Ligand SMILES: [Zn+2]
């Protein structure tokens, strides 16, 4: 048996272990035991055999609590704290803290920091990370703590695949660790910096301990050790690190400084909250501090609730910010954010408001809604989200209808009209748009004289390009971009319907998880099938004989071709084919040269123009120019991120 086969056997065992803990075993206990037996014979030291049997997804109480880190405002404060002691200085990594337990020389357990006392069990996931050694050459029970993170280049590579987009490398790392799809760990490269060794050589300096960790195969985030700290040398290190930040392939947000010598650490001791021998000095933030007045939970079409912070309005780099997303349930719990807290708000990419930290806690504890705000159904936790699974949830259905209408662009049916039709009982589901009961007369009687025009618009949407039809269904992970990819691979609905997961995952950019969502969604009789049954048809045109260029050009050509072929069907007056819309792109778009972008715009009936008053749209890539943004704001030109712009293309 080759090492590849051993690895695949180990993966099979991990898979079934996971299924067992999830309460969905696929094989009998005997069959499972015989798999383990087989592996034990082939590779008696395989790490999979040494996992401590706590249920994945359960909580683990840390043997030694994982405390917080106190923060210094400036170099002066660090100097005062240092008392002239020797210091050990590391990068402050923006990642996910993990505590690893080793016993008898083997990794036996891994857990996230959680609230510092108990964290989530991530043992099985951690076993799959190549950056974490599974064995070390000491037999004592010891703990190694560190930070999981992802390289910026890897972050860009994954986001460029376009299947799922993450707002930051940290979110991507956290998302990868916490989701249930173990196969993603083979496709995404997560890194680990060890920053603490507990329970071994406790009388040594931190420099010596760090050397030990390196010998055992860990990466460390050491910058340097410093004797006799002064204002000058601390400032120099801070400035040097700030410059390095621009070129490092991972995100850092400051320095962490620690007393290097053991006796000085022991003398300093700790509070209930943080060790006194450690302090962080963060880079100054461009953000502002404001108060959260309320947290509203907005229901989306998949039943997922998104928390939104209502803020005391504040000016952040030139724009008045009133609200900011809190992403999901887990973000709220991890950030420990509640009404009354003061939070730091930045504008990410200088555009989208983002809450990055809680600066001062208010009186309130974190509270999560228990019932769906729309239908009152009890909410359940699903992954990082809170989800409503109510069968008769008005808001969710309305969001689904709205998503269909927005995606395929039926004019005249805004939220108000959709609600009117929903309440009338004639539009309970988006396929009802094509129901014979919804006649022109009916629409006129319900919506007034515009009803006639709306009726015609609906009828015109009965024949749709494949990718629009797919994107409109509202299936998780199946947006326009994925719709285009699928439309390229499959010639008809029937062909897609009979596709297997194993077939989908061979397509570039489709993960196991995405493939699962797609298969599930395609077979949901209330989605595609419901529309086809009501007479909606898919128009397929595809030139299979085109010359094979690079995959990217191929896709760009394809998008352009489809756009021209189908533009008449769904372009509105604003997108009149004769008149190109003018766009200026500021900042870098990953994986695309300026020429790529120009070609792409050209094919989608846009042109790259200079930034004047008459410009139609400013699109921002990475690190957009601030003067361009200011100019666009002054002229009142709409601003969109590249992702938003792309997502709205037909
Ligand atoms: Zn509901």
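The values are calculated or read from the model by the stated rules, or taken from the named source; none is laboratory data. Quick caveat, the model's predicted, so the values are computed rather than measured. Quick reminder, even Gly has a Cβ in these numbers, built from the backbone with ideal geometry, and neighbours come from all protein chains shown.
So the values come out like this:
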read-out: Condition met for residue 359 (within 14 Å of the ligand (Cβ to nearest atom) and closer than 24 Å to residue 333 by Cβ); value: no
read-out: So residue 343, is it surrounded by 14 or more Cβ atoms within 10 Å (Cβ to Cβ), over 27 Å from residue 640 (Cβ atoms) and outside the structural domain of residue 585 (by TED's automatic domain parsing); value: no
read-out: Residue 358 being part of a strand (DSSP E or B), modelled with pLDDT of 85 or more and not assigned by TED's automatic domain parsing to the domain that holds residue 639; value: yes
read-out: Residue count, the range 373-395 (criterion: near the ligand (Cβ under 10 Å from one of its atoms), in contact (Cβ under 8 Å) with a residue 24 or more places away in the chain and within 18 Å of residue 329 (Cα to Cα)); value: 6
read-out: Given (1) within 25 Å of residue 216 (Cβ to Cβ); (2) touching a residue at least 12 places away in the same chain (Cβ under 8 Å); (3) out of contact with any strand residue (DSSP E or B) (no Cβ under 6 Å at 6 or more places or on another chain), number of the condition residue 76 does not satisfy; value: (1)
read-out: Single match in 313, 369 (criterion: surrounded by fewer than 17 Cβ atoms within 10 Å (Cβ to Cβ) and within 16 Å of the ligand (Cβ to nearest atom)); value: 369
read-out: Selection status of residue 330, surrounded by 14 or more Cβ atoms within 10 Å (Cβ to Cβ), within 30 Å of residue 402 (Cβ to Cβ), in contact (Cβ under 8 Å) with a residue 60 or more places away in the chain and out of contact with any strand residue (DSSP E or B) (no Cβ under 7 Å at 6 or more places or on another chain); value: yes
read-out: Residue, farthest from the chain's Cα centre (by Cα), within the range 212-241, restricted to residues that are surrounded by 14 or more Cβ atoms within 10 Å (Cβ to Cβ) and assigned to a helix (DSSP H, G or I); value: 233
read-out: All positions within the range 412-445 that are crowded, with 16+ Cβ neighbours inside 10 Å, in contact (Cβ under 8 Å) with a residue 40 or more places away in the chain and not in a helix (DSSP H, G or I); value: 412, 413, 429
read-out: Residue tally, condition assigned to a strand (DSSP E or B) and at pLDDT 80 or above, over the range 607-650; value: 9
read-out: Members of the range 522-534 found to be in contact with a helix residue (DSSP H, G or I) (Cβ under 6 Å, 6 or more places away or on another chain) and either at pLDDT below 80 or surrounded by fewer than 18 Cβ atoms within 10 Å (Cβ to Cβ) (or both), listed by number; value: 530, 534
read-out: Filter result (assigned to a loop (DSSP other than H, G, I, E, B) and farther than 22 Å from residue 447 by Cα) within the range 381-411; value: 383, 384, 388, 389, 390, 391, 392, 393
read-out: Residue ID - surrounded by the fewest Cβ atoms within 10 Å (Cβ to Cβ), chosen from residues in the range 396-411 that are closer than 15 Å to residue 464 by Cβ and without any contact (Cβ under 8 Å) to a residue 40 or more places away in the chain; value: 406
